Amino acid sequence: MTVFVLLCVSSGVLVGFFGGGVIPGVDTAIVVLLVVLVFGVGLDLGVRGDALSRVRSLGIRAIVIPVISCVGSLTGVALVASAFWGHPLKDAFALGSAFGWYSLSGPMLTHLGGPELGALGFLSDVLRELLAFVLIPVVAGRIGSAEAVALGGATSMDTTLPLIARTTNGEAAPLAFAHGMVVGLIAPVLIPFWFRF
């Protein structure tokens, strides 16, 4: 999937570069596709009949662990941005607020903050997912399952879920699903929040 996404982005860059600039209607298409994407996430959660019961079985951990994960991600972004990046801190927070959801961050950040920010968001979230695939087995074995789940960010309910389940003997699978679901609900609200300042 990551290779497919990178091929699509590369194709888009080439079409944009050699096609003479902005294609009419792209901004509208981005907004429409974002709405469809977020609706699709909600639909997917609704179709999974056991999803809410699995989340409820975790109790307060279903909310506390994703919130701590989000705060940790944003704290890390703020520290890195303040040390190395000359852009406003709100841009860094917007970048970090996708929590690894690259199919959301690229288009949404492009629409809200411009193509440079969209490209940075997409690349940083793809890199986060790739690092998660490498680090989840290490963290699950040496630190703990909740920390391994947090590495997955928004992907913990889909692309990194099988890896989390395998490296934790399945014990963290419900937590990973809940984590991804909560973070997936937070990201589309939090990204535009930073552009209000």
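Each reported figure results from applying straightforward, stated rules to the coordinates on display, with no laboratory input. Computed from a predicted structure; not experimentally measured. Neighbour counts run over all protein chains shown; Cβ positions are idealised from the backbone, glycine included.
In region 120-171, the ratio of gyration radius to Kirkwood radius, Rg to Rh, stands at 0.98 when only Cα atoms are counted. Subtracting the Cα-Cα distance of Leu127 and Arg196 from their residue separation scaled by 0.36 nm leaves 22.1 nm. Rg/Rh for region 86-165 stands at 1.05; both radii use Cα atoms, and Rh follows the Kirkwood definition. Overall, the ratio between the Cα radius of gyration of region 24-196 and 2.2 N^0.38 Å, rounded to two decimals, is 1.02.
At an R0 of 45 angstrom, the distance between the Cβ atoms of Val9 and Arg56 translates into a FRET efficiency of 0.75. Which net charge results when you count Lys and Arg as +1 and Asp and Glu as -1 among the other residues whose beta-carbon is under 15 Å from that of Leu123? Around Leu123, the surrounding residues sum to -3. With a Förster radius of 30 Å applied to the beta-carbon distance between Phe84 and Val35, the computed FRET efficiency rounds to 0.30. Considering the options Ile136, His111, Phe122, tell which one lies farthest towards the positive end of the dipole of region 108-167, charges being +1 on Lys and Arg and -1 on Asp and Glu at the Cβ, about the Cα centre. Result: Ile136.
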